[in-house]
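Below is one structure; the comments refer to it alone.
What follows is calculated from the coordinates using simple rules that are stated; it is not laboratory data. Quick caveat, the model's predicted, so the values are computed rather than measured. Because the Cβ atoms are built from the backbone with ideal geometry, glycine has one as well, and the counts that use them run over all protein chains shown.
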Amino acid sequence: MAVNICSHFITCALTSPSLYPIQSDQSMLTFEGQQVQGAQNILQKLKAVGPVKHNVKTTDIQPSSNPNAIVIFVTGAIQIGGDNPLHFCEFFQLVGTGPGQYYVHNCVFRLNYGL
C-alpha cells in the first residue's frame with residue numbers, strides 16, 4: 001500500500017490535481033526549506049515548480065510510533081523543466097483515516113547537490 005501511494009505521489013505530485021485527495025488541511029510540505037500547509041496550498045506550490053520527471057532509486061518504509069501511520073523515505077533523480085537530472089530525497093508520513101485509506105500528513109523534499 002505504501003509503495004503504491006508513494007509512487008502515485010511522486011509520479012503526479014508536481015503536475016496533477018489527482019494529488020489533492022491524498023492531502024488534507026492538516027498536511028504539511030517542506031519543499032527546499034519552504035513550509036506550506038493545506039492541500040490547496042501544497043498543490044499550488046508543487047505546480048509552481050514546473051514540469052518534472054522522476055526516477056526513484058530507493059524506497060524505505062517503516063512503521064511510525066502512531067499505529068495508524070507509516071513513514072517513507074525516497075531517493076532518486078528528478079529532472080525539472082528539461083534541465084539536467086538532480087539527486088533528491090523525500091520523506092513522507094502517511095496517516096490512516098480508515099482501512100486501507102491514508103493521507104500525506106508530512107512531506108519533506110530536498111535536492112541533493114554536490115553528489
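Things worth noting here:
- Amide H contacts of Ser27 (H built 1.01 Å from N, in plane; Pro and chain starts excluded): Gly38, Ala39 sit under 5 Å, all sequence-distant by 5 or more or on other chains.
- Cut-off 15 Å between beta-carbons: net charge of the residues surrounding Leu86, Lys and Arg +1, Asp and Glu -1: 0
- Rounded to the nearest 20 debye, the dipole magnitude of region 43-115 is 140 debye, with +1 charges on Lys and Arg beta carbons, -1 on Asp and Glu beta carbons, and the Cα centre as origin.
- Considering region 16-115, its Cα convex hull presents a mean projected area of 6.8 nm².
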